[in-house]
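Engineer: Encoded as C-alpha cells, here's the structure I'll be asking about.
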Amino acid sequence: MLDRIQSVEIILPNGLRSSAELFLKWGNEIVMRPLEITVEILDRRYVGRSHRGPFFALQDLRRQLEPLNIRLSCFGAKLNVYPTPEWEGALFAVRRDPERESDGQDALGILENDGAEMLSSVDEQEAFHLAWLESKRQTRNGSVSAKEEGEAVMTDEQWRTFFTAAFDILGEGDFFPARSKTRCGWTTFTRLSSNAGYWSSGLPNPNDIKQNCIGDGGVWGQPFFYSDIAHIIVPKEFDWELVEDKKFYSGTKTQDIEALSKELHRLEVPHRITPRLLEIKLY
C-alpha cells in the first residue's frame, strides 16, 4: 500500500504545542519489512516500527519520545484507546471501558484527535488494556463455569512451562516465518466471543514469558493473559516466503513436535498431538 502522511499535534517539553507530519509506510511480510511511522521533531527523525499494525508502531514511536518528554496528542496515545483484534492492521481503534462493552462507540482514527487530553504513557495504556482484558475474563468466569462446560484448565505455571519447553526444543521465534524457527496459531476466550479469529506468529521467546502473561512488545507484539488463552496450535510444518535482492525464495520448515510432546508429558503439561500438529485446547 502507498505511504500515508498525517499531520498530528505534538506537545513539546516546554509545554508548547506544535504540529508535525507523520509518514506511514506499510510493512511487507514477504520482504520482512515491518510497518513504519516516521516523524521529525526539533530537527531529529524518529521511526516507530511494528509487524502488528499502525497502533503498535505508534506505541514504539511514543516509547522513543517519552524519555524526551515529547507527547503526541492523538487518539492512539490516549489511556483507554486500543484496537480490536479485527483492527490491529488498520488505522482505527475504540475506547476501552472495563465497566461496559464498546458496542455503538465511534471508530477512532488513531492519528486524529478530539481536543480532549487523557494522554498516557505506553506502559499506562498497556496496563489499562490488561485491566480491561482481566475484567472481560472475570465476567466470563462469573457467567460460565469451565467445569460445567467440560473445558480443560491450564494454570499460569503450566503455560510458562509449555512456552519455556517450546523454546528449549524448537528454538527462537520471530513474527516473520522466513526468520523464525517456530510457528504457531492461537486464540483467546475474549476473541472467540468477538470474531472467532486466530493470530499466527513464532512462539514467544524467554523474555516474553512473564509471570501471568505473554508480555508486550515481543514476538506476539502485545500482551496475552495465560488465563485468556483458549487454544494454541503448533504445526509439524510451516511454509515461508522471502523476497531479497529482487529474488524470490520459499521453503518449508519442520518443527519437532514429537520431541516437544515427550518433554511436555514429562513435565505433566496436558496437550494433544497428531501427525500434523501439537495443540492445547481449552474449549
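Engineer: Taking only the stretch 130-151 into account, find how many residues are more than 19 Å from the chain's Cα centre (by Cα) and modelled with pLDDT of 75 or more.
Structural biologist: 0
Engineer: With a cut-off of at least 3 residues that are of a type outside the set (S, T, N, Q) and touching a residue at least 60 places away in the same chain (Cβ under 8 Å), name the strands (runs of 3 or more DSSP E) lying wholly within the stretch 1-102.
Structural biologist: 4-11
Engineer: Could I ask something else about it? Do we have residue 227 as at pLDDT below 95 and either more than 17 Å from the chain's Cα centre (by Cα) or more than 22 Å from residue 53 (Cα to Cα) (or both) here?
Structural biologist: Here the answer is yes, as residue 227 does meet what is asked.
Engineer: Also: Please determine, by comparing only the residues of the stretch 228-276 that are closer than 15 Å to residue 154 by Cβ and touching a Lys or Arg at 6+ places or on another chain (Cβ under 6 Å), which one is surrounded by the most Cβ atoms within 10 Å (Cβ to Cβ).
Structural biologist: Only one residue fits best here, namely 228.
Engineer: When you scan the stretch 157-181, how many residues do you find that are modelled with pLDDT of 95 or more and more than 15 Å from residue 221 (Cβ to Cβ)?
Structural biologist: Going through the stretch 157-181 one residue at a time, the tally reaches 17.
Engineer: Please return the ranges of strands (runs of 3 or more DSSP E) entirely within the stretch 142-248 where 2 or more residues are hydroxyl-bearing (Ser, Thr, Tyr).
Structural biologist: Per the criteria, 184-188, 199-201.
Engineer: Yes or no: residue 127 under 30 Å from residue 7 (Cα atoms), among the small types (Gly, Ala, Ser) and either modelled with pLDDT of 85 or more or in the same structural domain as residue 223 (by TED's automatic domain parsing) (or both)?
Structural biologist: yes
The values are calculated or read from the model by the stated rules, or taken from the named source; none is laboratory data. Keep in mind that what you see is a predicted model, and the values were worked out from it rather than measured. Every residue, glycine as well, gets a Cβ built from its backbone with ideal geometry; the counts of neighbours run over all protein chains shown.
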